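Q: Before I ask anything, here is the structure I am working with.
The values are calculated or read from the model by the stated rules, or taken from the named source; none is laboratory data. Fair warning: this is a prediction, and the values are worked out from it, not measured in the lab. Here Cβ is always computed from backbone atoms with ideal geometry, including for glycine, and neighbour counts include all displayed protein chains. Note: areas computed on protein heavy atoms with side chains; ligands, DNA, RNA excluded. Shrake-Rupley method; radii C 1.70, N 1.55, O 1.52, S 1.80 Å.
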Amino acid sequence: MSLPPCPQCNSEYVYQDQNNLVCPECAYEWNPADTSLEEQPITAKDANGTELTEGDKVTLIKDLKVKSSSQVLKIGTKALIRRIVEGKDHELDCRVDGAGEMMVTAKFVKKA
Ligand SMILES: [Zn+2]
């Protein structure tokens with residue numbers, strides 16, 4: 001029996017833990033018998049209200065300070081959404097050009 005890839009990050013290194021499948025790369029855990037998750041992908045809205053989904057390319061619409069560092073991400077910097085995390089605000093887990101992986105607030109980006 002082969003396991004499906006992780007629905008969050010498409011990792012192939014999923015393993016089974018009792019009734020759940022677990023992704024070692026993003027720590028996502030789900031029950032493969034519950035398919036409702038796949039029908040309702042988490043989305044977020046950018047500064048213009050455009051819906052963003054995982055894998056979208058975005059650009060920053062303002063300079064953003066990086067938490068716990070003196071680095072500043074400049075307006076216009078490109079980023080790729082790796083994952084959307086549902087929280088108080090929708091937060092984007094992005095791979096940012098020249099800065100690496102970090103969380104970016106959806107309202108500070110626009111779809112490229
Ligand atoms: Zn994963």
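Q: So which lysines pass the test for residue 62, namely a Cα distance under 18 Å, with those fewer than 8 places away in the same chain ruled out?
A: 45, 74, 78, 107, 110, 111
Q: Using a/c under 1.5 as the rounded threshold, could you call the chain rounded, prolate or oblate? The axes a ≥ b ≥ c are square roots of the C-alpha gyration tensor eigenvalues, and prolate needs a/b larger than b/c, oblate otherwise.
A: Prolate, because a/c is 1.5 or more and a/b exceeds b/c.
Q: With the other protein chains left in place, how much accessible area per residue, in square angstrom, belongs to the chain at a 1.4 angstrom probe?
A: Computed with neighbouring chains in place, this is 67 Å² per residue.
Q: Taking the Cβ of residue 55 as the centre, find all other residues whose Cβ is under 13 Å away and add up their charges (Lys, Arg: +1; Asp, Glu: -1).
A: Once positives and negatives cancel, what remains is +1.
Q: Can you give me the % of accessible surface on the chain that is carbon or sulfur? Probe 1.4 Å, all protein chains present, nothing else counted.
A: 46
Q: While we're on this one: What spacing in nm lies between the two simple spin-label points modelled at residue 50 and residue 101, each 7 Å away from Cα in the Cβ direction?
A: Here the modelled spin labels are 2.5 nm apart.
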